Amino acid sequence: MRRFGYLAYSVSSCVAVGILLTGCTAPAPAPVPAPDVTPISGEAAEEIMAQVLDDQWAATGLPTADRPTVTRERIIDANEWASVITGCLNEAGFSSATADEDGGIASGSLPAAQQSAYAMAMYTCNAKYPVSAVYNTPLDDSQLEYIYSYFESTLIPCLNELGYEIEEPPSRTSFVTNYGPNGWSPYKNLSLGSKKLAEAQERCPQVPEGLYG
């Protein structure tokens with residue numbers, strides 16, 4: 001939780017990369033309806049969130065410490081994570097923690113003596129405010145098809161309008177087959193600072209609305 005122009009079509013002899021040629025208009029791709037996502041059962045959601053919390057505890061680097069029992073405050077959306085957890089860290093005494101423009105969290109300059117306490121606070125805050133299980137559930141093919149169509153019809157043209165040239169994407173079949181943490185997205189090879197990235201993502205969201213139902 002702490003992570004995606006070219007003109008996607010050519011018509012007859014018209015080939016363009018990020019440039020609209022006079023008299024050469026590519027047809028818009030056929031719209032793909034939002035996927036009909038099967039809701040996760042309450043029991044399955046709890047199992048997923050418990051596994052995520054186990055992984056977060058392992059990542060603290062405090063395997064010999066007593067793992068605290070934390071009362072959950074509420075389940076949050078992925079786009080709330082940085083602001084909610086930063087607020088929680090601030091309340092825990094880490095006033096230097098701030099939300100990055102790109103959706104991450106910066107801890108500021110912490111003395112070595114505070115590193116363990118910060119890791120414990122981060123775990124505690126994530127336990128208080130776990131991200132909804134839907135964001136940690138593998139996407140099905142209908143959702144991946146929906147993402148690809150969004151990239152093709154909306155995200156790439158949006159980034160083109162901001163002046164960014166995007167590399168040619170993989171085929172739809174290849175995208176769906178190889179999707180994962182290292183899979184392709186229009187943002188993948190853009191070299192942007194955090195401010196530029198935040199501005200681009202505000203104008204051109206990486207994830208389409210309706211992806212999770």
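We did not get these values from a lab; they are worked out from the coordinates using the rules stated. Just so it is clear, the model here is predicted, and its values are computed rather than measured. Cβ: placed from backbone, ideal geometry, glycine included. Neighbour counts: every protein chain shown.
Assuming charge only on the beta carbon of Lys and Arg (+1) and of Asp and Glu (-1), the dipole of region 65-207 about its Cα centre is about 480 debye to the nearest 20. Could you check the spin-label model distance between ASP54 and LYS128? Points 7 Å from the Cα along Cα→Cβ, value in nm. Rounded to a tenth, the inter-label distance reads 2.5 nm. What the Cβ-Cβ distance of LEU110 and ASN182 gives, at R0 = 30 Å and to the nearest 0.05, is a FRET efficiency of 0.50. Once you reduce region 78-116 and region 146-163 to the center of their Cα atoms, the two points are 32 Å from each other. Extending 7 Å from the Cα toward the beta-carbon at both GLU161 and SER95 defines two label points whose distance is 4.2 nm.
What net charge is computed for the residues neighbouring TYR129, neighbours being all others with C-beta under 11 Å from the C-beta of TYR129, Lys and Arg scored +1, Asp and Glu -1?
Numbers: positive: ARG72, ARG74, LYS128; negative: GLU73, ASP77, GLU80.
The answer is 0.
Residue-wise HN-Hα couplings along region 57-74, as the Karplus relation 6.51 cos²θ - 1.76 cosθ + 1.60 with θ = phi - 60° gives them from phi, are 5, 4, 6, 5, x, 10, x, 8, 6, 6, 6, x, 8, 10, 7, 5, 8, 6 Hz; Gly and Pro carry x. In straight-distance terms, cross-link reach from LYS196 covers every one of the aspartates and glutamates whose alpha-carbon lies under 19 Å from its own, apart from those fewer than eight places away in the same chain; here that gives ASP100, GLU101, ASP102, GLU161, GLU165, GLU167. Taking the fewest neighbouring Cβ atoms within 10 Å as the starting point, the ordered list for MET122, MET49 is MET49, MET122. Fully extending the segment from ASP66 to ALA44, taken as 0.36 nm per residue of separation minus the present Cα-Cα distance, adds 5.3 nm. Across region 145-153, rounded Karplus estimates of 3J(HN,Hα) from the backbone phi angles (6.51 cos²θ - 1.76 cosθ + 1.60, θ = phi - 60°) give 4, 5, 4, 4, 5, 5, 4, 5, 8 Hz, Gly and Pro being marked x.
Placing dummy labels 7 Å off each Cα toward the beta-carbon, the span from GLU202 to SER83 is 1.2 nm.
Multiplying the residue separation of THR173 and ASP36 by 0.36 nm and removing their Cα-Cα distance gives an extension gain of 47.3 nm.
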